[in-house]
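Derivation of every value follows stated rules applied to the coordinates shown; laboratory data play no part. Keep in mind that what you see is a predicted model, and the values were worked out from it rather than measured. Here the Cβ positions follow ideal geometry from the backbone for every residue, glycine too, while neighbour counts run over all protein chains shown.
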Amino acid sequence: MAEIKLRGVTKRFPDGTEAVKQMDLDIGDGEFMIFVGPSGCGKSTALRMIAGLEDISDGELEIGGEVVNDRAPKDRDIAMVFQSYALYPHMSVRDNIAFPLKIAGASDEEVTSKVEEAARILDLDRLLDRKPANLSGGQRQRVAMGRAIVRDPKAFLMDEPLSNLDAKLRVQMRTEVSRIQQRLGTTMVYVTHDQTEAMTLGDRVAVMRAGVLQQVDSPQKLYDHPNNLFVAGFIGSPAMNFFPARVENGRVTLPFGEAPAPAGVEASGDVIAGLRPEDFEDAEFAPEGHDNALTFDAPIVLTESMGSETYAYFTYQGGAAQSDELNELAADAGLTDLPSSGENQAVARLDPQTKAHEGATTRRWMNAGKLHLFDPHDGHNLAHGDATPATAGGRQESSPQQPVAGTNEP
Amino acid sequence: MKRGTREYTIWSVGIVAIIVAALFPVFWLLMLSLKTPATVGDGRLWPKEFTFANYEALFTGGFYDSPFLRPLINSILIALIATTIAIILASFTAYAIARLNFPGKALVLAGSLAIAMFPPISVVGPLFDMWRALGIYDTYPGLIIPYLTFALPLAIYTLVAFFREIPWELEQAAAVDGATPMQAFRKVIVPLATPGMFTAAILVFIFCWNDFLFAITLTSSKEGAQTVPAALAFFTGESQFTAPTGNIAAAAILVTIPIILFVLFFQRRIVAGLTAGAVKG
Amino acid sequence: MSSAAPPQVGAAAQKPKKVGLTERGRAERKLAWMLCAPAVFVMILVTAYPIGYALVLSLREVDLRFPNEGGFAGLDNYITVLSSGLWWEVVFNTLLITVISVIIELILGMIIALVMHRAIFGRGAVRTSVLIPYGIVTVVAAFAWFYAFSPETGFVNNTFLSPDDKAWFGEKGSALTVVIFAEVWKTTPFMALLLLAGLTTIDEGLYEAARVDGASAWQRFVRITLPLMKPAIAVALLFRTLDAFRVFDSIFVMTRGAQDTQSVSILGYDQLISRLNLGLGSAVSVLIFLMVLIIAFIFVKGFGASVPGQEEGR
């Protein structure tokens, strides 16, 4: 078990592109750290640099207090689970799990006992003599985990380990991964593009975009206090709604009306306002006692009933919010090709008893107190200071230095 | 239903026709080789009387005087040695091409391809001259070296295609599991590469076994390095007046046996190997 | 993928290019060169060097029967070859054999490939049988057909195909016919297997979609199979054409070039080995080499035969 520290770690390819730029991050001993971001954001490259599968172009990487930049993967004492699992097809499950131990020269008794222990933990006892080809996806995934845990490494590195499983199995394995990590208490770095996985698994989540670390925080902090437009849009499903807005004299003008600006916002001029779908509600179900609320008429274009809640898509007057980050998010979600989706449209997460239906115009209530305002040019949350410094956090705590709303925008 | 039956019939006829057309000449040669000298010219598909005399004649005289034994040994040894060396060299190259990044990779591939298209007749003259100067005319190395040259492109392309299919992430997995590059290569990559190497070996062997041009230009005696195809072409009858038809047919059948065995046992591999290099493009 | 970000994700595909930047990159490059060196050396030893040597010989008057004579002859050898009627007749023979046999092979090969692809039963049996002609020694195949057609031993003259006592090898036309026949029998399977491999890459769903759209079997073949197989066909044609152009073994066994049935390879052999006229023979060799270059060039440029492996070469 060990801490992992990245100091200005950079990956530069010979053609000059930088996959990871100046990454600073402290991963605490025993912490479950998630790297999340859209495809191409550099998260896998960062992980592979920690593993030693990629050279580090610049900066310093420490594992357990030692600089390991120049060490081969085998000398870093880490274990990795690959997206494809990378099981050795010519070896049985037993030999696959035993491989790291045999390479390390462990005695036969040790190999046997450790393999059996790992198999017990992962419920692989009955599969030990099978070949990987004869296993289901979930079983292969567990063998890959077994090969990782059998050696008791300083850290586990996981590269989208669940992305090849079907949805149901993925949820099941998610809890499994979480259980194993808690049981072993080993430092874990876990790469995923799935923000749900990131939110449910990690002690802390590092959001990356285009090689740059955007924010490192506990899942709840990320959700409640996104540093910038990108994080705000990436975390949460359905995603946060964004509107063009204007701030003047501490008041925000939205397409639906006017509201007081959130605390700490001192800027004025055009901004992008964000509001999560659950901060809309039908006017008739609106909670009492909000002085910072707006109501307005909203024409519904589509409703989706989830049973426990209903998503209502409504249109509003005025243009759609525009920024590079939003475009990138849309591209990542594959939305760019869809005609007019997202234009002047917002989604509300409503009580399932709602009477909203397609074609109707209903009275909509919004909690303006939950508004986020972002700089339309650089995307910063106007209520926050600069990007949060990435600092070590222990297992259960979230990082204490996290600045709360109130810092002034320079 | 009716249409299904008709289609079934058409395909069946096609299949049977292909099989017959492919095997018929071998059958014809076999029958020819079993005919007696008196009936060898009767043009019948089924011999009136069967004899193994043609086969016996090939081996009479033993090691020194048999017209066929030495060429057969030469053929086997030369093909085996050339195959072994070719596969070893090609594996190195194919590994580098499939796995490593280096300037000149495209050049090596293009060069191999150029050699695959190269007309061997263009080099037999110079080789004939060079080999005589070097003293390896009519020796094993004299044939093995050109075989290597022309077999290497085939082997490299086949192996590159196979090596590219190996999930190289396994090597990384092994590295993370604590293996040295050598251990990763030996314990993970070699076992996965072996089937591909075996396939390439079969193709290369067939190529060497088949060669005729180099065999007749760079060898001159069965005591030297003359192989079966060359010996066949220069076969003479037991006497000046008997045509060696039966003997040639018998020898032809004997050199076909290894091919038949390969094809029977490794059909899938050969098909995979033949098409592996070519179809990707 | 976002536009700015470098290649990432899909870990296996992500083989970083480390050119001269890192220790590891340099080591990798050195290792690669070391691994390629032996094969490259052998390939050059027997091709580049001899063809250069052939070029030198072709400019001299070298005749091994008179080893002490011979000097610089300039282009004399080439002039001798190119101004002889024999050379052009031989080139014509070779091109004739090449074109006819490759066309027949393409058509037959396509039919065989379709049969093998659609075979409901006996798949293994068909593939195994067609590998026999591919694998069999060319000289053996040539003998088989030689004896089959030869009036002294053959059965062909006993069949309805040729009722009279035809001397197949006594006259140029029929002799070349048998040569082409033997070539076609021997090499069609190779063509068929390459085409089959192309066939299997076509998504079965396309045929179903076309069927739903009302296309007949022939339309499906012309509109879907052929266009999608174009790369496979081009590669198969390229390899077979160059191979057919080198035809040697069958002619050597059947006629040894008699009755004006020589191919360019036979002519080269004749000059070099039988007459030991290295200068003239080398000129023939160099000319053959140039013709092969031209054919390959025409295929790659004209037919767009994408050379296998090239675009994979990252």
**Asked** What dipole magnitude, in Debye to the nearest 20, does region C:85-313 give about its Cα centre under +1 on Lys/Arg Cβ and -1 on Asp/Glu Cβ?
**Response** 280
**Request:** Would you please classify the overall shape of region A:75-158 from the alpha carbon gyration tensor, given that a ≥ b ≥ c denote the square roots of the eigenvalues, rounded means a/c under 1.5, and beyond that prolate means a/b larger than b/c while oblate covers the rest?
**Result:** oblate
**Prompt:** Taking the alpha-carbon centroid of each part, what is the distance from region A:150-224 to region A:1-48 in angstrom?
**Reply:** 14
**Asked** Could you give me the ³J(HN,Hα) list for region C:206-212, computed from phi with Karplus coefficients 6.51, -1.76, 1.60 and θ = phi - 60°, whole Hz, x at Gly and Pro?
**Response** 4, 5, 5, 4, 5, 4, 4
**Message:** Which one, A:345, A:353, A:220, has the greatest fluctuation when you compute a Gaussian network model over chain A with C-alpha springs under 10 angstrom?
**Reply:** A:353
**Request:** Using the Cα centre as the reference, give the magnitude of the dipole from point charges on the C-beta atoms of region B:57-279 (Lys, Arg: +1; Asp, Glu: -1; all else neutral), rounded to the nearest 20 debye.
**Result:** 360
**Message:** Using the Cα centre of the protein assembly as shown as origin and beta-carbon charges of +1 (Lys, Arg) and -1 (Asp, Glu), tell me which of B:220, B:13, B:259 is placed farthest towards the positive end of the dipole.
**Reply:** B:220
**Asked** Which one of C:149, C:299, C:221 has the biggest mean-square fluctuation once chain C is modelled by GNM with Cα springs under 10 Å?
**Response** C:221
**Residue-averaged 222 nm ellipticity for the protein assembly as shown, from DSSP H runs of 4+ at -39500 (n - 2.57), nearest 500** = -16000 deg cm²/dmol
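Does region A:265-304 come out rounded, prolate or oblate, given a ≥ b ≥ c as the square roots of the eigenvalues of its C-alpha gyration tensor, rounded meaning a/c under 1.5 and, failing that, prolate meaning a/b above b/c?
oblate
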**Request:** Determine the shielding of peptide B:142-155 by partner chains: average, over its residues, the number of Cβ atoms on other chains within 10 angstrom of each Cβ.
**Result:** 3
**Item:** Straight-distance crosslink candidates among lysines, where the alpha carbon sits under 23 Å from residue A:114 and sequence neighbours closer than 8 are dropped
**Value:** A:74, A:102, A:131, A:154, B:187
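Give me the dipole magnitude in Debye, nearest 20, for region A:231-318 about the Cα centre, with unit charges on the beta carbon: positive for Lys and Arg, negative for Asp and Glu. Mind dumping the intermediate values first?
Details: 3 positive and 14 negative charges, 73 e Å.
The dipole magnitude comes to about 360 debye.
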**Message:** With 10 angstrom as the radius, rank A:127, B:143, C:228, B:127 by how many other C-beta atoms surround their C-beta, starting from the fewest.
**Reply:** C:228, A:127, B:127, B:143
**Request:** Could you tell me whether region C:169-279 comes out rounded, prolate or oblate from its Cα gyration tensor? Rule is a ≥ b ≥ c as square roots of the eigenvalues, rounded for a/c under 1.5, then prolate if a/b exceeds b/c, otherwise oblate.
**Result:** prolate
**Request:** Compute the long axis of helix B:190-210 from its Cα atoms, compare it with the longest principal axis of the Cα atoms of chain B, and write down the angle in degrees, 0 to 90, nearest 10.
**Result:** 30
**Message:** Based only on other Cβ atoms within 10 Å, what is the fewest-to-most ordering of C:60, B:186?
**Reply:** B:186, C:60
**Request:** For region C:221-236, just list the computed ³J(HN,Hα) in residue order, Karplus coefficients 6.51, -1.76 and 1.60, θ = phi - 60°, integers in Hz, with x standing in for Gly and Pro.
**Result:** 5, 6, 8, 10, 4, 4, x, 6, 8, 3, x, 5, 5, 4, 5, 4
**Asked** Taking the Cα atoms only, what angle lies between the long axis of helix B:2-33 and the longest principal axis of chain B, rounded to 10 degrees?
**Response** 60
**Fill in**
Env charge @ residue A:353, Cβ radius under 14 Å, K,R +1 / D,E -1, value -3
